[in-house]
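Asker: Sharing a structure below in structure tokens format, with a few things to ask.
The values are calculated or read from the model by the stated rules, or taken from the named source; none is laboratory data. Keep in mind that what you see is a predicted model, and the values were worked out from it rather than measured. Here the Cβ positions follow ideal geometry from the backbone for every residue, glycine too, while neighbour counts run over all protein chains shown. With ligands, DNA and RNA removed, areas are computed over all heavy atoms of the protein, side chains included. Shrake-Rupley method; radii C 1.70, N 1.55, O 1.52, S 1.80 Å.
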Amino acid sequence: QASSVIDECIRSNNPMLFETVREFCKDKICILNRQPTLHRMSILAFKLDIHLGNTIQLAPMVCPAYNADFDGDCMAIYIPVTDISFKDTHKKLGIWNNLLSPTDATIVPRPNQDIILGIYSATKDSNGKLYDYKGEKLTIGRKKVNECLPENYNVVNKPIGKSEIIKILNEIALNYDSNTTMKTLDNIKHLGFELSTQHGYTLSIDDLYNN
């Protein structure tokens with residue numbers, strides 16, 4: 001009877017079991033493999049979470065490693081079942097242990113598109129009201145970006161474009177532990193999306209139509 005109830009929930013897309021499944025997936029990991037597997041970073045492991053949609057949701061900063069561009073890319077999902085396979089996957093394939101490329105030691109998760117746009121927009125201008133931050137005078141945008149970085153990282157007081165933000169993240173990945181690096185990546189991601197949204201750079205056809 002329990003099996004038939006579960007089967008019916010799945011078929012009808014009923015969210016009744018959602019929290020139960022989420023609890024079951026807690027602390028579990030999955031392997032995502034985008035084929036064809038052309039290089040080492042085409043197969044990585046991530047902490048597992050679930051949602052009610054029908055697609056894989058992937059952290060935007062790991063998309064460059066997969067060369068994923070959201071145009072219908074397909075990925076294979078593998079779940080380690082035994083304790084040995086879980087430990088092996090966690091150690092060897094987990095993104096937290098693969099933050100640096102084995103080919104050139106550059107950071108693998110990296111910001112692009114809207115994230116970079118938001119960060120650059122916030123830091124490009126040195127004019128305006130200045131705020132004190134670690135003994136330096138910064139604009140509010142530059143202050144917010146510096147607050148995303150590790151506490152003892154040098155203050156960055158200049159425009160931050162794509163090459164500069166990747167350089168900063170490379171230095172952090174090389175000199176700090178993986179937890180600090182991943183926290184910095186999350187901070188930059190959230191701030192970049194927030195700022196690019198606030199600036200309203202996306203245009204609709206109505207913005208371009210001349211009456």
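Asker: How many angstrom lie between the Cα centre of the stretch 156-172 and the Cα centre of the stretch 87-104?
Answerer: 23 Å
Asker: Report the antiparallel proportion of the DSSP beta bridges in the chain as a percent, rounded to a multiple of 5.
Answerer: Bridges in the chain that DSSP calls antiparallel: roughly 95 percent.
Asker: Something else about it: For the stretch 140-187, which GluC sites (Glu not before Pro) pass both filters: DSSP loop (anything but H, G, I, E, B) and at most 12 other C-beta atoms within 10 Å?
Answerer: Those that pass, being in a loop and sparsely packed, are E151.
Asker: Just S101, S163, S196 to compare: in a GNM of the chain, with alpha carbon springs under 10 Å, which one fluctuates most?
Answerer: The residue that fluctuates most here is S163.
Asker: Just the number please: accessible area per residue for the chain, 1.4 Å probe, all protein chains included, in Å².
Answerer: Solvent-accessible surface per residue comes out at 65 Å².
Asker: Can you work out D for the stretch 58-148 in µm² s⁻¹ from Stokes-Einstein, where Rh is the Kirkwood radius over C-alpha pairs, the temperature is 20 °C and the viscosity is 1.002 mPa s?
Answerer: 129 µm²/s
Asker: P(r) of the stretch 73-211 in 5 Å steps, Cα pairs, percent per bin?
Answerer: 2, 9, 15, 17, 16, 13, 10, 7, 5, 4, 2, 1, 0, 0
Asker: Sort the stretch 78-127 into rounded, prolate or oblate with this rule: let a ≥ b ≥ c be the square roots of the eigenvalues of the Cα gyration tensor; rounded if a/c is under 1.5, and if a/c is not under 1.5, prolate when a/b is larger than b/c, oblate otherwise.
Answerer: prolate
Asker: With the alpha-carbon atoms as the only input, what is the per residue convex hull volume for the stretch 1-133 in Å³?
Answerer: 206 Å³
Asker: Please state the charge dipole magnitude for the stretch 25-72, taken about the Cα centre, from unit charges on C-beta atoms (+1 on K and R, -1 on D and E), reported in debye and rounded to the nearest 20.
Answerer: 200 debye
Asker: Only sites in a loop by DSSP and with at most 15 other Cβ atoms within 10 Å count here; which chymotrypsin sites (Phe, Trp or Tyr not before Pro) in the stretch 30-89 make the cut?
Answerer: Passing both the DSSP loop test and the Cβ count: F70.
Asker: For the chain, what is the charge dipole size about the Cα centre, in debye to the nearest 20, if Lys and Arg each add +1 at the Cβ and Asp and Glu each add -1 at the Cβ?
Answerer: Around 600 debye, computed over the chain.
Asker: How many percent of the accessible area of the chain is carbon or sulfur, using a 1.4 Å probe?
Answerer: In the chain, the share of accessible area belonging to carbon and sulfur is 52 percent.
Asker: Related question: Just the Kirkwood number for the stretch 97-168, please: inverse of mean 1/r across all distinct Cα pairs, in Å, one decimal.
Answerer: After inverting the pairwise mean of 1/r, the radius is 13.2 Å.
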